[in-house]
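The values are calculated or read from the model by the stated rules, or taken from the named source; none is laboratory data. Here the structure is a predicted model, which means the values were calculated and not measured. Note that each Cβ is placed from the backbone with ideal geometry, even for glycine, and that neighbours are counted across all protein chains shown. All accessible areas refer to the heavy atoms of the entire protein, side chains included, with ligands and DNA or RNA removed. Shrake-Rupley method; radii C 1.70, N 1.55, O 1.52, S 1.80 Å.
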Amino acid sequence: MIITSWPIQIIAFVRMGRPLFLAGGFLMHALGAAMAFHTGAPLNLPALIWGQAAVTATQLMTHYTNEYFDQAADQLNSTPTTWAGGSRVLPEGTLPASSASITVILTSLLSLAAILGAIAVVRPGPLAAPILLLAAVLAWGYTAPPLRLAYRGWGELTVGVIVTGLTPLAGFYLQAGRLAALPLLAIAPLICLQVASMLTVGLPDAASDAQVGKRTLVVCLGGASAARLHNLLLLTAYALLPLLAWAGLPLPVAIAAGLTAPIAAAQAWRMQ
């Protein structure tokens, strides 16, 4: 039964956009801009604003797209968490599915407009469009046809590439107008950590995902193998730090990242 009270529907509509997840986009985009500033690029406020607009609009498109195309799996999910199982708005009937489908179209147009606006206003260089558009295409294809990457075992890697790869690269490039070694070095361990995080998110959803043919990496591998891959990714992220420091990652950054290793070890123990 759909609840008609408009205050409840507004709250539900916002919930469906998963606002808690937007923080990651702000953090990763700011990281890219900070790295550009570290390499000598002056702070470009219009680039920062337009870049963040493109990142956030693309995130919102992804969230509403996931809500719409993951309805079957979310409906069957009896173990949702804050991070997994969707917002629960559509399975609970708080809003009709049509509200998500319309919003998918609107946020897709908003994402494209923000990307084109960033390119037109900032004029950072030839790689800005490929970076931003690739992120948008992969974000759309995460659950939406024809790619449906999350249904083919590629969803976890896709999230890692978008969130901790392309987003900081976009923040860096829009500020600096060029690529450099620093952002490439910095994102390598972050992608490992993000993919590991997505494996933990996929575990509570595995049973319902399998029932509807959503072959996430957890479903493909099984829980035990997914746990081992998770721990291997954590180990890889920290093992890379000395090599990355040798290659040019600032030593204080590598040391600061290494100090979080006990947290990762505790997580690996829990996963095992």
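Report the accessible area of residue 263, computed with a 1.4 Å probe over the heavy atoms of all protein chains in place, in Å² rounded to the nearest 10.
The value for residue 263 is about 120 Å².
Counting every Cα pair in the chain, what percent are over 31 Å apart?
Considering the chain, 30 percent of its Cα-Cα pairs are separated by more than 31 Å.
I'd like the accessible area for residue 35: 1.4 Å probe, protein heavy atoms, all chains in place, Å² to the nearest 10.
20 Å²
Could you give the alpha-carbon Rg of segment 43-160 over 2.2 N^0.38 Å, rounded to two decimals?
1.16
For the residue pair residue 71 and residue 272, what label-to-label distance in nm results when each label sits 7 Å from Cα along the Cα-to-beta-carbon direction?
4.4 nm
So if we plug the beta-carbon distance of residue 235 and residue 14 into 1/(1 + (r/R0)^6) with R0 = 41 Å, what FRET efficiency do we get, rounded to 0.05?
The pair residue 235/residue 14 has a calculated efficiency of 0.60.
What list of ³J(HN,Hα) couplings, whole Hz, do you get for segment 229-238 from phi and the Karplus terms 6.51, -1.76, 1.60, once you set θ to phi - 60° and write x for glycine and proline?
Coupling constants for segment 229-238: 5, 4, 5, 5, 5, 4, 4, 4, 4, 7 Hz.
Could you work out how far apart the two model spin labels at residue 97 and residue 265 are, taking each label as a point 7 Å from the Cα in the direction of the beta carbon, and quote it in nm?
That separation, rounded to one decimal, is 4.9 nm.
Quote the relative contact order of the chain in percent (integer), defining contacts as alpha-carbon pairs under 8 Å separated by 6+ residues.
Here the relative contact order equals 23 percent.
Need the C-alpha centroid separation for segment 108-149 versus segment 1-77, integer Å.
About 14 Å separates the Cα centre of segment 108-149 from the one of segment 1-77.
Pulled fully out, how much extra length does the chain show between residue 207 and residue 37, if you take 0.36 nm times their separation in residues and subtract their Cα-Cα distance?
56.7 nm
Using a basic spin-label model with each label point 7 Å from the Cα along Cα→Cβ, how many nm lie between residue 5 and residue 228?
It works out to 5.1 nm between the two label points.
Taking 0.36 nm per residue of sequence separation and subtracting the Cα-Cα distance, how much length would be gained by fully extending the chain between residue 120 and residue 45, in nm to one decimal?
Gain in length upon complete extension: 25.5 nm.
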